[in-house]
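What follows is a single structure, written as structure tokens, with notes after it.
The values are calculated or read from the model by the stated rules, or taken from the named source; none is laboratory data. In this text, all values refer to a predicted model and were calculated from it rather than measured experimentally. Every residue, glycine as well, gets a Cβ built from its backbone with ideal geometry; the counts of neighbours run over all protein chains shown. Accessible surface areas use protein heavy atoms only, side chains included; no ligands, DNA or RNA. Shrake-Rupley method; radii C 1.70, N 1.55, O 1.52, S 1.80 Å.
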Amino acid sequence: MTRLSALVCQAAALALLASPVLAQDGHAGHAAHAAAGHGDHGHEHADFQSDRLHVRVDGPAGAPDMILIPGLSSSPEVWDSTVAHLNGRYRVHRVHVQGFAGAPAKGNAPAAGTHAPVAAPVAEEIARYISEKGLTKPVVVGHSMGGTMGMMLAARHPDLVGKLMVVDMVPFMGAMFGAPGVTVEQVTPIADQVWTGMVSGPDADYQARAAASVTGMINTESLRAGPLQDAATSDRAVSASAFRELIVTDLRPELPKITAPVEVVYVKFNDARMTPEITDMVYRASFANLPGATLKRIDDAAHFVMFDQPDAFFAQLDAFLAR
């Protein structure tokens, strides 16, 4: 097996473990919620015109603002327990990326047979949302791909972000797809092959991969159903484009531009060979360009740490907010 073939196999395995890689769209549940816009959930949608995202708002007017960004193929509902924990202390703005979890793809849809960025333009729309809605230095919390968008936002618009919490995401996910020191240029062919496999595979395979992904990312079995449905109702082309974008996006050179306080909450990598100590080392190296960031590992949790260890996650969030 050539080195490239070995890396492609590694990438395919990581794709199964690291992303809820979509399936057919057109399912019910979250899709129905997205189509309705709002309903009996006790929240409202912000009056903000965008073909990249829409925003669900919870909490009292006049409270400090917080923006919650979900990850790849995820919905605002992944933050339900977090909003309940905040209990009205913040005016919470939950981003729903178009194309994810039943929302129509709209501006995030790539041209047929092509891929296009999702995270970067959505981050720009979040910046526009903050400015147009007059939010003053909101706290931004992003999970997974949402963490990538949070880093983009804080680095490219440092005057708009009050604090940033990144939940289980590194600034260069492509580093996981190659040897130490791998560059964007070197990992791009792998990203392209992963994207090709995601957009061209049979739907049944995607269903199986989505189930395997959610199983690996959430230890708490009773909480898997929602994220599994989110993945199943996400637009295949949008999720594939976004995943490719994550592999080829290296934010490490941009980290010094971030001026807001940053906390990174993470879990041990889902690989028996990756010990907690190795995971710590990877995160320290990944955020070396942002020496002021606080790094905190939460044990006995998978990727959706706020599901598996809510008390530990909320304790970290509260301590960060209190600083």
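Cross-link candidates for K296: which aspartates and glutamates have Cα within less than 17 Å, leaving aside residues fewer than 8 places away along the same chain? Correct list for K296: D168, E263, E277, D280, D308, D311, D318. Every helix of 4 or more DSSP H residues in the chain counts as -39500 (n - 2.57), and over all residues that averages to -13000 deg cm²/dmol at 222 nm. Applying 0.36 nm per residue to the separation of F48 and D300 and subtracting their alpha-carbon distance, the gain on full extension is 86.8 nm.
Using label points projected 7 Å from each Cα along Cα→Cβ, tell me how many nm separate K257 and E185, to one decimal. With each label placed 7 Å out from Cα toward Cβ, I get 2.2 nm. Computed over the alpha carbons of region 119-249, Rg followed by Dmax gives 16.4, 46 Å. The residues packed around V282, meaning those with a beta-carbon under 13 Å from its beta-carbon, carry a net charge of +1 if Lys and Arg are +1 and Asp and Glu are -1. Here region 42-83 was treated as a single set of alpha-carbon atoms; its pair distances binned every 5 Å from 0 give 5, 18, 30, 28, 15, 4, 0 percent. Peptides 168-175, 155-162 ranked from most to least packed give 168-175, 155-162, packing being the mean of other C-beta atoms within 10 angstrom over each peptide's residues. Helices that extend 20 Å or more along their long axis by alpha-carbon positions and average at least 1.6 on the Kyte-Doolittle scale are, among the DSSP H runs of the chain, 3-18. Across all directions, the shadow cast by the convex hull of region 195-323 built on its C-alpha atoms averages 9.4 square nanometres. Here the chain exposes an accessible surface that is 56 percent carbon and sulfur, computed with a 1.4 Å probe and the other protein chains kept in place.
With Cα atoms as the point set, region 119-159 shows a radius of gyration and Dmax of 9.4, 26 Å. The relative contact order of the chain comes to 23 percent, based on Cα pairs under 8 Å that sit 6 or more residues apart. Take 284-292, 124-132, 227-235 and order them by the average number of nearby Cβ atoms within 10 Å per residue, most first; the result is 227-235, 124-132, 284-292. One chain, two ends: T275 and A63. Fully extended at 0.36 nm per residue, the span grows by 72.2 nm beyond their Cα-Cα distance.
Relative to its Kirkwood radius, the Cα radius of gyration of the chain gives an Rg/Rh of 0.93.
In this structure the chain gives 40 Å² per residue of accessible area when probed at 1.4 Å with all protein chains present. 3J(HN,Hα) couplings calculated from phi for region 164-172 with the Karplus curve 6.51 cos²θ - 1.76 cosθ + 1.60 (θ = phi - 60°) are, in sequence order, 10, 10, 9, 10, 6, 8, 9, x, 9 Hz; Gly and Pro show x. Pairwise inverse Cα distances across region 67-126, averaged and inverted, put the Kirkwood hydrodynamic radius at 12.8 Å.
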